[in-house]
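The values are calculated or read from the model by the stated rules, or taken from the named source; none is laboratory data. Note that the coordinates shown come from a computational prediction; the quantities given were computed from them, not determined experimentally. Glycine gets a Cβ as well: all are built from the backbone with ideal geometry, and neighbour counts include every protein chain shown. Surface accessibility is based on the protein's heavy atoms, side chains included, excluding ligands, DNA and RNA. Shrake-Rupley method; radii C 1.70, N 1.55, O 1.52, S 1.80 Å.
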Amino acid sequence: MVEDSMKGRPGDCQLTEDWLLRVQELVPLALQKAMEVKVFPGRWKMIIYKTEQIPSRLSDLSSHPFFSKNALCKELLQAVSKTMEEVIELAEICVQDRYEGKLRMQNDLDSLSGKLDLNLRDCSHLIKTGVLGEATLPVSVTGTSTEPESTDHKNVRELLARLQIGHLEAKHRALESLVEVMNEDEKTVLAVLGRNNISALIQLLAATSPCIREKATMAICSIVESQSYENWLISEGVLPPLIRLVESGSALCKEKAAMSLQRLSTSAETAREIVGHGGAQPLLEICQTSNSVLQAAAACTLKNMSTIPEVRQSLAEEGIVPIMINLLGNGILLESKDYAAECLKNLTAGSENLRNNVISEGGIQSLLVFIDGTHAKESAIEALRNLVSLVPTEVITSLGVLPCLLRVLRGGSLGAQQAAASAICVISSLPEMKKILGEAGFIPPLIKMLEAKSNSVREVAAQAIASLMTLSQNSNEVKKDENSVPNLVTLLDSSPHNTAKKYAVACLVNLALSKKCKKLMISHGAIGYLKKLVEMEVPSAKKLLERLERGNLSIFSWN
């Protein structure tokens, strides 16, 4: 903690108890000398007051069961001894009127007063906060292991304890060593971390030294990424200093702080707190920088924040919409573009005002370019789906929305296909769009999707087909596909997991007007399925069953 102030003296004290005796001898002498001083009475009165508190603190410290076993106690006593010697020295100079300048002596006395504060505070830390125990106790006392604590654990505990006591330079040395240990053996550090240690690290995020801030940010980032102490980090106030570092820290601090916020923001409550602490604006500014790692971390954090409905309007007021749209096209990494697409999907999920905001900023065009130029993540298509209900038919057709969705249905991932089919459900609610969609070739890929293993994919495909079939022209297209009836009958399964059955019934009711389709339904076991669905009161199931069981075809039969 400090260098040995008595090194080289005759009878140099070696044991902690010896240093205690030394300090107990120096305190009365220091008080005696201080009381003789007549100059700078205000400053000396404060020095005397603080010095008088030393004996009681030392009494509490020396009564601790681990007092003599802990190197930190010895180092603290060395520091107090050095401070008492300085009290005596400055008192003699003042009494003899040998000081060089009034201002210089005032500064020296203020510095001395600060050292006394540090001594008293460190003593309190050792006594009250558990640092003394943490630096000496085996794991069997503080953890679950019954084996003696390893040397590595003891060394780490001492490093962590040193973050809480001593002057800033000493803390810096301890922090530097701690970061090195974490790089080599992070598990050992995480195994012995305590709440006090985390609090001490968080306090160092606001240190005046840029180097200390960087080391502290690196340590905090490692702890965050371990996913071990998120609750402690939040409760001890890690968010405000991390946000300040994102805003005005060094390049390294910005990066590590942004990465920490990214991980912490996966909790909805923490994401809400980041917004409350003013974190949105600095993160949005980072999204416009040329640092790819920073940009991706900030975009992901904003995406996490946008999942919370009540903060979306606040984010919009900070200017998130144009920045995300720009990031969608100009993000350095594809990862950043994906986060921007997810963010736009979240922002447009509920509020019509936000959807109109995205549309007015050119969001539809940017989403289409992104979908056509990448692997078509479903989040971008879902964002597009949220927007198309607010634009007229001519805009949908002129912007090329339909060809884009058709390409996804034919060759996209299953998730992207599901999102595209969901968009079709929205678009097909416009009567004039049903004919356009049927003629554009959407029905065959939707019928193919009925064979998917995913229930949600089958459901949205069946819903889209049912919507399109309200137009007779589209019903004929469905009837022509040889896989339509078998696929739809399969979806009559009464299992509660099969949520597509009501849409399958709606489609088959229409198709049952065809003799050929009716025979196919019966041959694939539709009657057995329907009897169960009638009992479950699935809409139109009874109507369809009656059509299949009727002896004569309806006069409206197509064949």
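Where the centre of each part is set by its Cα atoms, how far does the stretch 29-60 sit from the stretch 370-426, in angstrom?
Result: 78 Å between the Cα centres.
Along Cα→Cβ, 7 Å out, is where each label goes; now give me the distance between the ones at Glu89 and Asn356 in nm to one decimal.
Rounded to a tenth, the inter-label distance reads 7.5 nm.
Pairs of Cα atoms under 8 Å, at least six residues apart: use those to get the relative contact order of the chain, whole percent.
6
Which value in nm describes the separation of the simple spin-label points at Ser389 and Glu17, placed 7 Å from the Cα toward the beta carbon?
8.1
With θ set to phi - 60°, apply the Karplus curve 6.51 cos²θ - 1.76 cosθ + 1.60 along the stretch 501-510 and write out the HN-Hα couplings as whole Hz, x wherever there is a Gly or Pro.
Per residue, the Karplus-derived 3J(HN,Hα) values read 4, 5, 6, 5, 4, 4, 5, 6, 4, 5 Hz.
Only helical DSSP H runs with n ≥ 4 go in: add -39500 (n - 2.57) per run for the chain, normalise by residue count and round the 222 nm mean residue ellipticity to 500 deg cm²/dmol.
Result for the chain: -22500 deg cm²/dmol, rounded to the nearest 500.
Hey, what's the chain come to in accessible area per residue, 1.4 Å probe, Å²?
Heavy-atom accessible area per residue stands at 45 Å².
Can you tell me which of 92-98, 516-522 comes out highest on packing, and rank the rest after it, using the mean Cβ neighbours within 10 Å?
Result, highest mean first: 516-522, 92-98.
Evaluate E = 1/(1 + (r/R0)^6) for Lys543 and Ala268, where r is the Cβ-Cβ distance and R0 equals 41 Å; express this FRET efficiency to the nearest 0.05.
0.35
Per q in 0.14, 0.17, 0.18, 0.20 1/Å, what log10 I(q)/I(0) does a Debye calculation on the alpha-carbon atoms of the stretch 357-450 return?
Per q value, in the given order, log10 I(q)/I(0) is -0.43, -0.65, -0.73, -0.92.
At 0.36 nm per residue, minus the direct Cα-Cα distance, what do Leu334 and Ser113 gain on full extension? Give it in nm, one decimal, please.
73.9 nm
With each label point set 7 Å from Cα along the Cα-Cβ vector, what nm distance links Asp185 and Arg98?
Between Asp185 and Arg98, the label points sit 5.1 nm apart.
Quick check for me: using +1 on Lys/Arg Cβ and -1 on Asp/Glu Cβ, what's the dipole size of the stretch 16-129 about its Cα centre, in debye to the nearest 20?
Dipole about the Cα centre, nearest 20: 300 debye.
Suppose every K and R has +1 on its Cβ and every D and E has -1 on its Cβ; what is the size of the dipole of the chain about the Cα centre, in Debye to the nearest 20?
Value, rounded to 20: 2660 debye.
Counting other C-beta atoms within 10 Å, and keeping those with at most 16, which DSSP coil chymotrypsin sites (Phe, Trp or Tyr not before Pro) do you find in the stretch 469-559?
Loop-located and lightly packed - Phe556, Trp558.
Give me the percent of the accessible area of the chain that comes from carbon and sulfur atoms, probe 1.4 Å, all protein chains in place.
Ligands and nucleic acids excluded, carbon and sulfur give 50 percent.
Given an 8 Å cut-off on Cα distances and at least 6 residues of separation, report the relative contact order of the stretch 16-129 as a percent.
Computed over the stretch 16-129, the figure is 42 percent.
What are the semi-axes of the equivalent ellipsoid for the chain, taken as the square roots of 5 times the Cα gyration tensor eigenvalues, largest first, in whole Å?
Over the Cα atoms of the chain, the ellipsoid semi-axes are 76, 26, 16 Å.
Going out from 0 in 10 Å bins, what whole percent of all Cα-Cα distances in the stretch 16-129 drops into each bin?
The percentages, shortest bin first, are 14, 47, 26, 11, 1.
As an exercise, use a Förster radius of 45 Å and the Cβ-Cβ distance of Leu399 and Ser250 to find the FRET efficiency, rounded to the nearest 0.05.
Approximately 0.55, to the nearest 0.05.
Of Leu261, Val388, Leu175, whose Cα points farthest to the positive end of the dipole of the chain (charges on the beta-carbon: +1 Lys, Arg; -1 Asp, Glu; origin at the Cα centre)?
Positive-end residue among those listed: Val388.
Sort all Cα-Cα distances of the stretch 163-231 into consecutive 5 angstrom bins from zero, then give the percent of pairs in each bin up to the one containing the longest distance.
Whole-percent P(r) values from 0 Å outward: 3, 18, 32, 28, 14, 5, 0.
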